[in-house]
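S.K.: For reference, the structure I am asking about is given below.
The values are calculated or read from the model by the stated rules, or taken from the named source; none is laboratory data. As the structure is a prediction and not an experimental result, all values here were calculated from the model. Cβ placement follows ideal geometry from the backbone for every residue including glycine, while neighbour counts extend to all protein chains displayed. These area figures cover heavy atoms from the full protein model, side chains too; ligands, DNA and RNA do not enter into them. Shrake-Rupley method; radii C 1.70, N 1.55, O 1.52, S 1.80 Å.
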Amino acid sequence: MILKKAEWTLKKLLMKFLGKIIYVKKHKSISIDQSKKILVIRQHNQLGDMLCATPFFRALRERFPDSKIDLVSGLVNTQIVKNNPFIDRIIEYNNIEILKSPSLLFRFFRELREERYDLAIVPVTVSMSVTSDLLAFFSKAKYRIGAASLSGKENLTGFLYNYPVDLNWKNDPLKHQTQRNIDIMRDFSLITTDHSLVIGLSLDEKSYGENYFQKQHVKEKIPVGIHPGAGKVKNQWPVECFGELIDRLMEIDNCEIFVTEGPMDKIPVDYFRQKYNEKINYIFEGNVRRVASIIKNLDLFISNDTGIMHVATAVKTPVLSLFGETDPIQWAPQGKYDKYILGKESNIRNITVDKVYEAAKKMLKLSSSEAV
């Protein structure tokens, strides 16, 4: 703890020093209406965070229908934003290759500068990024909008923006992440009435997902997806509870189960393989777009609080999400038929199988009645 505090103090002093060397003239007001080339920088690799930025991209496109909008994305998220209908070009920031060869970073800066952007925007809601701030600065965009502070914490490289914004939701803690992303542009009345998420699947990708599904699907059975893993242990509903839920859905409600597996989900999925063997289906694809194309064919998707739940709602599959310490008011999927369950005392382990089962039954009943 003491070491971290010392590192923070040293970093703060260094950035303060750089702030005195690098002079950036601040603007109290700017006009962005004539922006023809816009750069958005969101190079963090969190899947859910990127998908929750979809309404921000949509709001930008609605405001600037004829402008070129480019997005800097991290290596992992480049897949998920491919073919996004609101973005003209995805620029991949490959931090792994850049760490191997720092000269690539300067080449990356140069390529951004050559575009001569009118506007660069760095939306943030959870954490600030020195890398993103530097990319915006070295893009040499005419106007650069980013965080001066986030939730009361100073952005040490916020001085690189010529239009810095203080972001704080202390007085509006219930605002969803999809709306928080847009707040970086609150001074410019950027709005959209549609806060749904989008994955721009191509016709070939949709065909792949449907073919995959049809090969596994048993007619007359109700296809239900289950995602038992999560990056954080505190976000994982006990695998035994998932097992009991699956038993009920298969035995009582004539459901067939599709379990999705990510790179960190081997332990819970191995539990299912041992218990059910081939009685249930497993979706393990290195390409998240292919996973999305398969999930699109399911009647319901039940998931821990993790990135894949946002993928499911983005392809318009009803999602039942399970939450513990994370605030579902901020993060739960907001699709028309999406529901969430929050564990008592913000503990996901306090969610009962009965509660999840009853919620799932109601959602499946609603889904089937809508289909008719």
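S.K.: Might you let me know whether the range 257-279 holds any residue that is in a helix (DSSP H, G or I), modelled with pLDDT of 95 or more and farther than 17 Å from Thr306 by Cα?
M.R.: No, that holds for no residue.
S.K.: Take Arg107 and decide whether it is in contact with a helix residue (DSSP H, G or I) (Cβ under 7 Å, 6 or more places away or on another chain), without any contact (Cβ under 8 Å) to a residue 40 or more places away in the chain, in a helix (DSSP H, G or I) and farther than 23 Å from Asp166 by Cβ.
M.R.: no
S.K.: Say whether the condition of being touching a residue at least 24 places away in the same chain (Cβ under 8 Å), among the hydrophobic types (A, V, I, L, M, F, W, C) and open to solvent by 70 Å² or more (accessible area, probe 1.4 Å) is met by at least one residue in the range 300-312.
M.R.: Among the residues of the range 300-312, not one is touching a residue at least 24 places away in the same chain (Cβ under 8 Å), among the hydrophobic types (A, V, I, L, M, F, W, C) and open to solvent by 70 Å² or more (accessible area, probe 1.4 Å), which makes the answer no.
Every residue, every condition in (1) open to solvent by 70 Å² or more (accessible area, probe 1.4 Å); (2) assigned to a strand (DSSP E or B); (3) under 19 Å from Ile32 (Cα atoms), yes or no:
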position	(1), (2), (3)
Ala147	no, yes, yes
Asp183	no, no, yes
Val224	no, yes, no
Trp237	no, no, no
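S.K.: Related question: Would you check if there is a residue in the range 33-43 being out of contact with any helix residue (DSSP H, G or I) (no Cβ under 6 Å at 6 or more places or on another chain), of a type in the set (Gly, Ala, Ser) and open to solvent by 80 Å² or more (accessible area, probe 1.4 Å)?
M.R.: no
S.K.: Please go through (1) surrounded by fewer than 18 Cβ atoms within 10 Å (Cβ to Cβ); (2) aromatic (Phe, Trp, Tyr); (3) within 17 Å of Cys52 (Cα to Cα) for Tyr340 and return the number of the only condition it doesn't satisfy.
M.R.: Evaluating Tyr340 over (1) surrounded by fewer than 18 Cβ atoms within 10 Å (Cβ to Cβ); (2) aromatic (Phe, Trp, Tyr); (3) within 17 Å of Cys52 (Cα to Cα) leaves (1) as the failure.
Let's see how each residue does on (1) touching a Leu at 6+ places or on another chain (Cβ under 8 Å); (2) open to solvent by less than 10 Å² (accessible area, probe 1.4 Å); (3) of a type in the set (S, T, N, Q):
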site	(1), (2), (3)
Val165	no, yes, no
Asn168	yes, no, yes
Asn171	no, no, yes
Lys175	no, no, no
Gln179	no, no, yes
Asp187	no, no, no
Ile191	no, no, no
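S.K.: Can you name the condition, by its number, that Lys215 falls short on among (1) assigned to a loop (DSSP other than H, G, I, E, B); (2) without any contact (Cβ under 8 Å) to a residue 40 or more places away in the chain?
M.R.: Only one criterion in (1) assigned to a loop (DSSP other than H, G, I, E, B); (2) without any contact (Cβ under 8 Å) to a residue 40 or more places away in the chain is unmet by Lys215, namely (1).
S.K.: Can you tell me which residues in the range 66-84 are open to solvent by less than 80 Å² (accessible area, probe 1.4 Å), assigned to a loop (DSSP other than H, G, I, E, B) and not polar (S, T, N, Q)?
M.R.: The one that is open to solvent by less than 80 Å² (accessible area, probe 1.4 Å), assigned to a loop (DSSP other than H, G, I, E, B) and not polar (S, T, N, Q): Leu75.
S.K.: A further question on this structure: Do we have Arg248 as of a type in the set (D, E, K, R) and within 24 Å of Met50 (Cβ to Cβ) here?
M.R.: So Arg248 fails the test.
S.K.: Residues in the range 304-315: is at least one at pLDDT 95 or above, assigned to a strand (DSSP E or B) and under 15 Å from the mean Cα position of the chain (by Cα)?
M.R.: The answer is yes, given that some residue of the range 304-315 is at pLDDT 95 or above, assigned to a strand (DSSP E or B) and under 15 Å from the mean Cα position of the chain (by Cα).
S.K.: Can you give me the number of residues within the range 19-32 that are surrounded by 13 or more Cβ atoms within 10 Å (Cβ to Cβ) and either at pLDDT 90 or above or not small (Gly, Ala, Ser) (or both)?
M.R.: 4
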